[in-house]
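As structure tokens, the structure follows; a few thoughts come after it.
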Amino acid sequence: MAQPSVLHPDPGRLSSTSPNTQPVPMDMVGKHCILELYDCDSSKLDDEVFLRSAITQAAERAGATLLNLITHQFQPQGVTGLALLAESHISIHTWPEAGYAAVDVFTCGDHTMPEKACSVLSEELGSGHQSLRSFRRRTPASLVDSERQTSVPIG
């Protein structure tokens, strides 16, 4: 019988315990990156189709599984996008009039690389400079031994 996907706290790893051993605590649930992009290409910041492609590339480069992507074009300008990942999410909010984008990338597990997603978005938007803050999300003690199972749609 195939093992179901484990999305939390550590994708791809099922914890194993026996009555004689203590579980090894996992100290982090994931990594969270907060990215601010300045002096970006205004036309790209206002292009919903372009941003959908850039977000998809960012998820792929991070090693994440894209489940759903929703975007909204504002009038007179600006786009918001949210990528639902099996591992968590990527969000972006743009202000073309200021050449600015606010990006949030959170991935759980140790197989993803949210910094790579940030790098893709910075490059794709032609950012003149950026500010990246990255921190680890610690696993609550109550979740250390738990497995959160889900099925990921195929195709």
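Within segment 111-126, the residues that satisfy the criterion of being more than 9 Å from the chain's Cα centre (by Cα), assigned to a helix (DSSP H, G or I) and small (Gly, Ala, Ser) are Ser119, Ser122.
Taking only segment 107-142 into account, find how many residues are touching a strand residue (DSSP E or B) at 6+ places or on another chain (Cβ under 7 Å), among the hydrophobic types (A, V, I, L, M, F, W, C), modelled with pLDDT of 95 or more and within 20 Å of Gly30 (Cβ to Cβ).
Here is the first cut: in segment 107-142, the residues touching a strand residue (DSSP E or B) at 6+ places or on another chain (Cβ under 7 Å) are 107-109, 114-115, 117-118, 121-122, 125, 127-139.
Next cut, among the hydrophobic types (A, V, I, L, M, F, W, C) only: 108, 117-118, 121, 125, 132, 135.
Restricting the remaining residues to those that are modelled with pLDDT of 95 or more gives 117-118, 121, 125, 132.
Going one step further and asking which of them are within 20 Å of Gly30 (Cβ to Cβ), we end up with 117-118, 121, 132.
Count: 4.
Among the numbered conditions (1) modelled with pLDDT under 95; (2) closer than 20 Å to Lys116 by Cβ, the only one that Ala59 does not meet is (1).
Taking (1) under 23 Å from Arg133 (Cα atoms); (2) of a type in the set (Asp, Glu); (3) at pLDDT 95 or above in turn, Glu87 satisfies each apart from (3).
Once segment 90-110 is narrowed to residues that are crowded, with 18+ Cβ neighbours inside 10 Å and more than 22 Å from Gln77 (Cα to Cα), the residue that is farthest from the chain's Cα centre (by Cα) is Gly109.
Mind checking which residues of segment 77-110 are free of Cβ contacts under 8 Å to residues at least 24 places away in the same chain and of a type in the set (S, T, N, Q)? Quick ask: steps written out before the conclusion?
The initial filter retains those residues of segment 77-110 that are free of Cβ contacts under 8 Å to residues at least 24 places away in the same chain, namely 80, 82, 84, 89, 91, 93, 98.
Passing the criteria: Thr80, Ser91.
The values are calculated or read from the model by the stated rules, or taken from the named source; none is laboratory data. What you see is a predicted model, and the numbers here were worked out from it, not measured in a lab. Methodologically, a virtual Cβ is constructed for each residue, glycine included, from the backbone with ideal geometry; neighbour enumeration extends over all protein chains shown.
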